[in-house]
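Following: one structure in structure tokens, then a few remarks.
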Number of protein chains: 2
Amino acid sequence: MGENMECHAGIVDNASSPRARVLAVPISAVEIRPGFWTNRMDPARRKGLPRLLGHLEDHGVVDNFRRISQGKEVPRKGPVFTDSDLYKWMEAAAFSLQWRADDNLDQLLESVIDDVAGAQGEDGYLNTYFSGDKANLRFGNLERDHELYCAGHLIQAAIAHYRATGRTNLLDVAVRFADYLASVFGEGRRGGFCGHPELEMAMVELYRTTGKETYLDFAGYLLDQIKFHERRTMEGHAVRAAYACCGGADYFAETGNGGTWEALVSLWTDMSARKSYVTGGIGSRYVGEAFGEPYELPNLRAYAETCAAIANAMWAWRMFLITGEPSYCDMLENILYNGFLAGVSLSGDRYFYVNPLESSGEATGERGHRRREWYDCTCCPTNVQRTISSIPGYIYGLGKGEVWICLYQASRLEAEISGTRVIIEQETEYPWKGRVDLLVSPEKPTSFQLCLRVPAWARDSTWSTDGSDPREARPGSILRLDREWRQEDKVSLELGMPIRLIRAHPRAREDFGCAAIARGPLVYCLESVDNPDVEVRDLVISREARPAAEFREDTLGGVSTISFDAFVASSPGTLYGEPGGPDLKSVRATAIPYYAWANRGGSSMLVWIPLLEALEGASRR
Amino acid sequence: MGENMECHAGIVDNASSPRARVLAVPISAVEIRPGFWTNRMDPARRKGLPRLLGHLEDHGVVDNFRRISQGKEVPRKGPVFTDSDLYKWMEAAAFSLQWRADDNLDQLLESVIDDVAGAQGEDGYLNTYFSGDKANLRFGNLERDHELYCAGHLIQAAIAHYRATGRTNLLDVAVRFADYLASVFGEGRRGGFCGHPELEMAMVELYRTTGKETYLDFAGYLLDQIKFHERRTMEGHAVRAAYACCGGADYFAETGNGGTWEALVSLWTDMSARKSYVTGGIGSRYVGEAFGEPYELPNLRAYAETCAAIANAMWAWRMFLITGEPSYCDMLENILYNGFLAGVSLSGDRYFYVNPLESSGEATGERGHRRREWYDCTCCPTNVQRTISSIPGYIYGLGKGEVWICLYQASRLEAEISGTRVIIEQETEYPWKGRVDLLVSPEKPTSFQLCLRVPAWARDSTWSTDGSDPREARPGSILRLDREWRQEDKVSLELGMPIRLIRAHPRAREDFGCAAIARGPLVYCLESVDNPDVEVRDLVISREARPAAEFREDTLGGVSTISFDAFVASSPGTLYGEPGGPDLKSVRATAIPYYAWANRGGSSMLVWIPLLEALEGASRR
């Protein structure tokens, strides 16, 4: 292990990265308190995590390792890449242990680690598919076989476990495998690269964890192999493309490689300005689970794989850490509250693979519109778990003489700033209310900047300290409060949360003439359950909809619903024609946060609501 | 052969069908004269047909038969169903021979027939894939292997050849195969059915051709197997679903089976009111080449396979023959002029597999937006050829004391009505002009009805006889002129052809707030070639667009273009936001008939144009 090993680093450890504007904090330094995210994390941890391990057992994923480690006589089961599903579960468990001690979970994880470790070969290679009579197929089809991808997830799980416990039993396995891979691949050795990027970011993180430059070089080699620095647009398989960007960002943070950065900026623009959903989802096509052309963003047939939203969040976070630009963190927040969170049920144990923005409730099957506990390709459930259990790591950041508040959630941070121990306590009912109260308590009076992200949507936001007059907080900026802080200094931020009617670029054809309702970081949708007297997909919203938000304790675990004036337009008699103005019937409609849809049985759902003014403009002669 | 064999029947032979309101005419009774369709049929016949046989030779499709018939030592090539590609080419050649003698083509066809006939087994079975060491796989996977589908195409080719030449050399092969199949499958014998319907309609037509009821019963058996009478909505693979409907319609025409008709009507409503493009294309999804949910009609990602448009046209024709309802014939016309015809280049030898309604011009590959001479799955090119060479058969129909004019095209029909020989001569520059002049010449004065289809779009249409005052012809009706006709009686029909701005049902989300330009039977599109100074997909049309049609001899082989006032709206800076009103720049835009797009190199294209009024209605606060 290297000198700079730091066993309490965060989601990533960019403490020594030359290109890091914001430093991730150790998850263990964050105490998360009751609020929005605990309501989502607790069911996931209590119910989702154990049930998912149960499914991994039932589907033979753990036995695949025991076949080798214990000689258990069972057939190898599941897709070629299913080792990674167990690794992601392990990473989820390890992240959970970073913010909440749990002896049972710890022991369970150790037991699984034994199963995994025992399946490693003499040479360090570890993959349950390419063993026994398939051992000779090793590295035979890198494009298809996910071998390096699985290795990447093993490494990430090992690092999370090490950061959770300080134990190296899994990290040692990962290092042996990484060393083996580094000895096989690289310039002057074997060529080729994995069809599914993932190992890049794992290798950078292993470099950060161990200090061994071989791993950083290997990441650079992999990025070279996929000609990452030549990429300018997001193409093909969305998860693969975005994981490559994560690896590229990590590599840039360590090396400052100019070509890599040029690619990253161009790719980000292409994704954020042309190829992402209003929910932060990416990858619109079923065919190839892929990005479409610019503005190709179908709603009913959105693919928007949960894993792709996760990949996008990971990428956004990395871009934010590098730059400190609030727009990246806005995207991270948007994904977490919408495109990502829709991927898991309120109960924490049922998942979406695809995340449509419109539904008849009738699309069934593995890629349908019903939540499932398990998928034959179960990448999303395990990815959801590792992401939701890492949420505390996204709330804060540090800089030179800076504390960053990136996300708003009741919590407590303990950190050392300019040599002084500082405690930040955050109280908020965000995202239902825009008020955030901060209690800043340095051990002794200390000067530093408190950097608060003011989201771009937060019009008419203000801040004040210790009861001072409110002053403007500019949307889409970092509010920097630079002063000498003393024990129990108070800062209040009041983020404006008007209900917004978002419009899309007119080239996003399925959204043309429509509006999406949003409030704060939340995108809303209409669901049939709340609007029983109409078909929600026949509703029309007016620009003068008089929308009103109301918190309802009894709805969907407690959410703010939004009611508004809507219309049901008469249906034209034919599919195509030259219609006159429609007949309109007034109704009051109710919208719920998008993340909470499909938790009350099969239902139809709609995010983009046709605007009355567009309907009338288009219809009348 | 049965008693009622009629070697000059048309596309179908419903002369003896109990449920036939309109009877198909023999193609040989129609002399097609220079006009719109000859401009499309001639290049297809002269260039497309021989080139396609060349490709079938080059790709081993004919050799597949010679392997067996001549023992030629070549590997079997192409997909499992590629026998059907040759059969469709043969049917195309046979249809062509029905309206135009061509000794070379005749000899070529006979030579191919020899190759095919020689590959038939002793028992009558004929399939080049399931021969030799694969013979034991026969009927092993009916769902996947297209065996009965191929048989259906053989039968259809044989009937067309028989109707063209009176020769039975291919028909005998088809009958032997059909008898074999009938001996293998059926109640009390082997169960199962083909994954790809097609044999149903072939069997009905073979019954019509030979009078042998076994074939009709077999069609009924096949329809029972797929529970056709229980179907109510169009689901799954579009070509398969629509071919099943063709078979169902043919079966109903012969049997009057009530359950079959109930299914047909419900399926037609589902297709026409919820699941068809404005071009008559069907099957919107790439995944499974399938129908989507109701109103799921993406434009850029339209699949709308050319074969599906053909299947839809065949179905529409059959529904029209059964009922005489003009709406079915309107759909037939719509498909032929738009969704079908876009599937072949003006040169007659390059094809589309998918038919988008929007294109960046950048989608390449087998399912992309560039025309190709050949596809690895080459179902569409051969299907295009057999359809375009059968066009003369769609122009006229007969009834009891009726002559029907179904399509408008310069041509001459010779028929016997109530025992009298009647010649109808049709002169028209349709679809560029709405005027149709008919010269009716019975051998001797005879009373009958001349039934003219007045399309639903033909507002302000009139008709007159021998210079009489024009009288109204109601759109969407059959104009019945019931009188005693004498030598060289004249009828003029003036179909109103205002330029229309079609709107879609608001649930068709990609068309919401947009208009499609149409004139007469033609749907128009914007193509970048004609609008070089703008990106056509950024154009906006106003309801007050002052559109004007102009015939241009020099454009695309002679078409009416439509110019109109358009706007380029300023692009919002972001993908999502709360935009104010857009800045608008005025331009004059030019649209061309949709069928003619993609004939001048790679280009962007748009059918559904956003409406200015919708943009403004949606944008302003």
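Side notes on the structure shown:
- Only Lys, Arg, Asp and Glu carry charge here, each on its Cβ (+1 for the first two, -1 for the last two); on that basis chain A has a dipole of about 820 debye about its Cα centre.
- Residues of the stretch A:349-371 whose accessible area, computed with a 1.4 Å probe over protein heavy atoms, drops by at least 10 Å² once all protein chains are present relative to their chain alone are A:Glu358, A:Ser360, A:Ala363.
- Judged by the gyration tensor of its Cα atoms, with axes a ≥ b ≥ c, the stretch B:177-270 is prolate; a/c meets the 1.5 cut and a/b is the larger of a/b and b/c.
- Computed with the Debye formula from one identical point scatterer per Cα of chain A, without solvent, the log10 of I(q)/I(0) at q = 0.09 Å⁻¹ comes to -0.71.
- Taking only the Cα atoms of the stretch A:286-343, the ratio Rg/Rh comes out at 1.02, with Rh defined as the Kirkwood radius.
- Translational diffusion of the stretch B:245-351, estimated by Stokes-Einstein from the Kirkwood radius over alpha carbon pairs at 4 °C in a medium of 1.567 mPa s, is 91 µm² per second.
- C-alpha long axis of helix B:147-165 to longest principal axis of chain B, angle in °: 90
- Rounded to the nearest whole angstrom, the semi-axes of the ellipsoid equivalent to the stretch B:482-608, taken from the Cα gyration tensor as √(5λ), stand at 35, 18, 13, largest first.
- Only one residue of B:Tyr303, B:Leu23, B:Asn531 has its Cα farthest out toward the positive end of the dipole of chain B, where Lys and Arg carry +1 and Asp and Glu -1 on Cβ, and that residue is B:Asn531.
- The helix-only estimate of mean residue ellipticity at 222 nm for chain B, built from DSSP H runs of length n ≥ 4 each weighted as -39500 (n - 2.57), is -10500 deg cm²/dmol after division by the residue total.
- When nucleic acids and ligands are ignored and a 1.4 Å probe is applied, B:His59 ends up with an accessible area of around 70 Å².
- Taken over the stretch A:41-146, the convex hull of the Cα atoms encloses 113 Å³ per residue.
- Under a 5 Å amide H cut-off, with hydrogens placed 1.01 Å from N, A:Arg500 pairs with A:Ala518, A:Arg519 among residues at least 5 apart or on other chains.
- C-alpha center-to-center spacing [the stretch A:157-179, the stretch B:269-316] in angstrom: 53
- Label spacing, shortest first and in nm, from A:Ser418 to its equivalents in the remaining copies (7 angstrom along Cα→Cβ): 10.8
- Dipole magnitude of the protein assembly as shown, debye to nearest 20 (Cβ charges: Lys/Arg +1, Asp/Glu -1, about Cα centre): 1140
- Degrees separating the helix B:49-58 axis from the principal Cα axis of chain B, which is the longest one: 60
- Amide hydrogen neighbours beyond the local backbone of A:Leu23, cut-off 5 Å, H modeled: A:Leu398, A:Gly399
- Positive-end residue, chain A charge dipole about Cα centroid, Cβ charges, pick of A:Phe65, A:Gly343, A:Ile11: A:Gly343
- Applying 1/(1 + (r/R0)^6) with r as the Cβ-Cβ distance of B:Ser586 and B:Ile423 and R0 = 56 angstrom yields a FRET efficiency of 0.60.
- Threshold 30 Å², the stretch B:280-322 residues less accessible with all protein chains present than alone (1.4 Å probe): B:Arg285, B:Val287, B:Glu293, B:Glu296, B:Leu300, B:Arg301
- For the pair B and A, the buried accessible area comes to roughly 4900 Å² in total, with a 1.4 Å probe and the value rounded to the nearest 100.
- 10 Å Cβ shell holding at most 11 others, DSSP loop, GluC sites (Glu not before Pro): longest site-free stretch of chain A: A:188-365
- Calculated FRET value between A:Leu137 and A:Asp42, using beta carbons and R₀ = 35 Å, to 0.05: 0.25
- Per-residue SASA entry for A:Lys433, accessible area with 1.4 Å probe, Å² rounded to 10: 110
- In order through the stretch B:606-618: 3J(HN,Hα) via Karplus (6.51 cos²θ - 1.76 cosθ + 1.60), integer Hz, x for Gly, Pro: 8, 9, 8, 9, x, 8, 3, 5, 6, 4, 5, x, 7
- Here, the protein assembly as shown yields an orientationally averaged convex hull projection of 50.3 nm² when only Cα atoms define the hull.
- In the full protein context, the protein assembly as shown carries 34 Å² of accessible surface per residue, based on a 1.4 Å probe and ignoring ligands, DNA and RNA.
- Of the residues making up the stretch A:591-619, those losing 30 Å² or more of accessible area when the isolated chain is joined by the remaining protein chains, with a 1.4 Å probe, are A:Pro610, A:Ala614, A:Leu615, A:Gly617, A:Ala618.
- Counting only protein heavy atoms and a probe of 1.4 Å, the accessible surface of chain B is 45% carbon and sulfur.
- Taking the Cα centre of the stretch A:186-307 as reference, the dipole from Cβ charges on Lys and Arg (+1) and Asp and Glu (-1) amounts to some 240 debye.
The values are calculated or read from the model by the stated rules, or taken from the named source; none is laboratory data. Remember, predicted model here, so these are calculated numbers, not experimental data. Don't worry about glycine lacking a Cβ; one is built from the backbone with ideal geometry, like all the others, and counts go over all protein chains shown. For the accessible areas, the whole protein counts, side chains as well, though only heavy atoms, and no ligand, DNA or RNA atoms are used. Shrake-Rupley method; radii C 1.70, N 1.55, O 1.52, S 1.80 Å.
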